[in-house]
Amino acid sequence: MTLLGTDVLLAAAQESTGLTDFGDDTLPARVALVVDRLNDAGLDDAGSQAAAYTIDELLTSRLHFVADHARLSLAGEPITAPLFATGEPRSGTTLLHALLAEDEDSRALRFWEVMYPSPPPGPAADDDPRRAQADADWRAILDRIPPWIVSHPYNDLLGDGLPECERTWAFDFRATNPSAWWRVPMTINNFPQDHHAQYALHRMMLQHIQYTRPPKRWLLKGFHGRRLRALFDTYPDARIVWVHRDPVQVLASQIVAFGQINESLAGTLDWTQYAKATIEGSRANFHAYLTDPLVDDPRIHHVRYRDFVADPVATIAGFYDFAGASFSAAAEKAMRDYLVTNRSDRYGKFTYSTDVLPVPVQQLHDEFAPYRERFGIDIETRR
């Protein structure tokens with residue numbers, strides 16, 4: 001079966017919403033690229049229908065989002081001194097984000113808000129149906145991807161969970177988040193990037209969600225290391241905490257965790273090819289960090305993974321001090337309580353081994369020695 005054409009999908013979303021402005025004249029070209037990839041993927045009828053449904057959901061959400069932003073003049077919402085957590089995937093950044101979100105003096109994105117952003121969620125009641133819908137979506141996602149609750153136990157918050165910043169531009173067709181594309185039975189390829197356009201949309205989402213709510217500093221998390229120029233151009237008063245971990249362990253953990261997700265979505269996975277592709281993508285990041293002068297920007301607070309896992313709350317206190325933010329006793333208590341009541345192995349222990357690496361481990365250690373030296377990282381050994 002051939003997926004519906006791009007023009008048909010765009011027109012159907014406009015007709016069903018009664019809205020016409022996607023907010024970006026370049027969007028149809030990206031939708032067309034996705035449609036072409038899906039049409040070439042050999043999906044069966046059910047897969048094609050799921051893909052069409054997903055695209056329609058993203059397009060209609062975007063139409064409502066753009067209309068709300070114009071109708072309510074949300075561009076005037078100030079986003080002041082946001083705090084970002086970053087690092088390579090599988091470097092402890094999700095735990096860092098979860099702890100930061102325990103600070104009631106701050107605000108974090110929630111999945112239900114970015115999955116169903118319109119109308120702006122600020123005035124929403126506790127029984128707003130979007131909350132229940134996002135919970136149901138997440139139950140279906142976890143049914144589809146059973147290993148994900150083990151490798152990422154934070155998903156147990158369902159719709160109230162903490163999305164990465166990349167999820168804010170899913171309906172821009174620039175992100176491959178499994179939480180957006182989980183219905184489609186295939187491994188989703190990377191989408192075209194325009195970092196400044198992506199952060200402009202990210203800022204719009206923060207303004208959208210902040211609308212009518214009392215001002216709070218934003219606490220956010222994403223993989224921002226290769227997008228620093230656009231981030232700081234968009235948020236010049238931002239501060240970043242960046243966790244650095246032994247690249248060999250990062251790569252091995254990524255291959256297993258993300259491979260499980262992709263295998264669950266696609267039904268089958270060429271693990272050898274997937275491991276090679278993962279290494280190529282991530283090694284490019286590690287090498288780029290050594291040559292990008294913005295990595296040394298004074299607005300970035302670099303920490304070592306081993307120091308973070310030894311005392312996560314003390315690491316956060318150091319970041320707050322670096323950022324000139326107040327770290328209250330209530331926030332510290334909430335974070336320490338979280339660590340007691342939310343064990344990382346509460347749904348089973350996520351296990352992986354460097355045996356999955358298609359490159360000799362010592363060769364990788366040698367390759368990444370300059371990165372380890374730059375950020376004071378020891379070779380990590382696992383028992």
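The values are calculated or read from the model by the stated rules, or taken from the named source; none is laboratory data. Please read these numbers as outputs of a predicted model, since none were measured by experiment. In this analysis, Cβ positions are derived from the backbone assuming ideal geometry, glycine residues included, and neighbour counts consider all displayed protein chains. What goes into the accessible areas is simple: the full protein's heavy atoms, side chains included, and nothing from ligands, DNA or RNA. Shrake-Rupley method; radii C 1.70, N 1.55, O 1.52, S 1.80 Å.
If you count only protein heavy atoms with a 1.4 Å probe, what accessible area per residue comes out for the chain, rounded to a whole Å²?
Values: 16540 Å² over 383 residues.
The answer is 43 Å² per residue.
Any idea how far the Cα center of the stretch 141-157 sits from the one of the stretch 204-234, in Å?
25
Send over the Kirkwood Rh of the stretch 80-375, from the inverse of the averaged 1/r over different Cα pairs, rounded to one decimal Å.
On the way: mean 1/r = 0.0502 Å⁻¹.
This gives a value of 19.9 Å.
Before rounding to the nearest 500, sum -39500 (n - 2.57) across all DSSP H runs of length at least 4 in the chain and divide by the residue total; then give [θ] at 222 nm in deg cm²/dmol.
On the way: 17 runs with 195 residues, N = 383.
That comes out to -15500 deg cm²/dmol.
Using the alpha-carbon centroid of each, what span in Å lies between the stretch 4-44 and the stretch 334-358?
Answer, in whole Å: 39.
Between the stretch 245-297 and the stretch 67-139, how many Å separate their Cα centres?
Computed from Cα coordinates, the inter-centre distance equals 26 Å.
Got a sec? Which residues in the stretch 111-132 would a label at Leu19 touch, if it sits 7 Å along Cα→Cβ and we count backbone N under 19 Å?
What the label zone holds, given the 19 Å backbone N cut-off, is 111-125, 129-131.
Go through the stretch 287-294 residue by residue and turn each phi into a ³J(HN,Hα) via Karplus (6.51, -1.76, 1.60, θ = phi - 60°); whole Hz please, and just put x for glycine and proline.
6, 5, 5, 7, 10, 7, x, 5
Under the rule a/c < 1.5 gives rounded, and otherwise a/b versus b/c splits prolate from oblate, where does the stretch 267-383 land using the Cα gyration tensor? Intermediate results must be reported in sequence, preceding the final value.
Numbers: a/c = 2.35, a/b = 1.36, b/c = 1.73.
Verdict is oblate for the stretch 267-383.
Under 13 Å from the Cβ of Glu166, count the other residues' Cβ atoms, weight Lys and Arg +1, Asp and Glu -1, and hand me the total.
On the way: positive: Arg167, Arg174, Lys221, Arg226, Arg227; negative: Glu164, Asp172.
Taking every Cβ under 13 Å from that of Glu166, the sum is +3.
Provide the gained length on full extension for the span Val361 to Ser73, in nm with one decimal, where the gain is 0.36 nm per separating residue minus the Cα-Cα distance.
On the way: separation 288, 0.36 × 288 = 103.68 nm, distance 5.38 nm.
Stretched out fully, the Val361 to Ser73 stretch lengthens by 98.3 nm.
Below 8 Å, C-alpha to C-alpha, sequence gap of six or more: please give me the relative contact order for the stretch 80-375 in percent. It would help to have the intermediate numbers written out before the result.
Details: 398 pairs, mean separation 87.4, N = 296.
Taking the mean separation of contacting Cα pairs over the length of the stretch 80-375, I get 30 percent.
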